[in-house]
1. Mind telling me which of E39, E103, E20 comes out most flexible in a GNM of the chain, alpha-carbon contacts under 10 Å?
2. Normalised by the residues of region 1-120, what does the relative contact order come to in percent, with Cα pairs under 8 Å and at least six apart?
3. Could you give the size of the charge dipole of region 1-113 about its Cα centre, using +1 on the Cβ of each K and R and -1 on the Cβ of each D and E, expressed in debye and rounded to the nearest 20?
4. Find how much the distance from L86 to Q15 grows on full extension, using 0.36 nm per residue of separation minus their present alpha carbon separation; answer in nm with one decimal.
5. Please give the FRET efficiency for D56 paired with I104, using the beta carbon to beta carbon distance and R0 = 25 Å, rounded to the nearest 0.05.
6. Would you kindly compute the Cα radius of gyration of the chain and its largest Cα-Cα separation (Dmax), both in Å?
7. What is the local net charge at P25, summed over the other residues whose Cβ is closer than 11 Å to its Cβ (Lys, Arg +1; Asp, Glu -1)?
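Read-outs: derived from the displayed coordinates by stated rules, not from any lab. Quick caveat: nothing in here was measured; it's all calculated off a predicted structure. Glycine gets a Cβ as well: all are built from the backbone with ideal geometry, and neighbour counts include every protein chain shown.
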Amino acid sequence: MLTRLHAASSTGSEQLCVLEQVCAPGTGAPPHCHEGVAELVAVLEGRARLFVAAEDAELTAGESVIVPAGARHGFTNVGEDVLRVLAVFSAPAPTVEYEGEPEILEIGGRGGRRRDDHRAYLDDT
């Protein structure tokens with residue numbers, strides 16, 4: 001999965017964080033949560049199986065879901081082509097905590113505990 005950072009505190013945003021994710025078939029975002037921050041996930045291209053808490057749904061291009069602050073969620077590309085999603089967060093440097101991993105990381109922030117490269121390619125262009 002590749003992630004392109006469009007807006008965040010590290011790019012000068014003061015109100016929100018926006019990122020685009022590109023996922024090959026069978027890949028996606030593992031279970032995680034963002035404490036205190038809501039997220040909108042919009043499918044731009046492809047087909048995703050997205051779960052939020054105990055509910056899951058299949059989304060296609062043009063569909064979106066709002067993930068409440070702190071809700072455990074994730075998604076997988078269930079199509080045969082590339083999946084592109086846009087994620088919009090209600091904070092400029094939201095935190096992320098992955099299930100089974102104790103470290104809390106920062107998305108698009110300036111701190112030392114940023115989201116690591118094996119999960120994301122941060123593109124400031």
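1. Judging by the Gaussian network model, the answer is E103.
2. On the way: 326 pairs, mean separation 40.2, N = 120.
Reported relative contact order: 33 percent.
3. Numbers: 7 positive and 16 negative charges, 51 e Å.
I would put it at about 240 debye.
4. Details: separation 71, 0.36 × 71 = 25.56 nm, distance 1.66 nm.
Value of the extension gain: 23.9 nm.
5. On the way: r = 25 Å, r/R0 = 0.99.
That gives a FRET efficiency of 0.50.
6. Rg then Dmax for the chain, in Å: 13.4, 37.
7. Working: positive: R47; negative: E80, D81.
Net charge in that neighbourhood comes out at -1.
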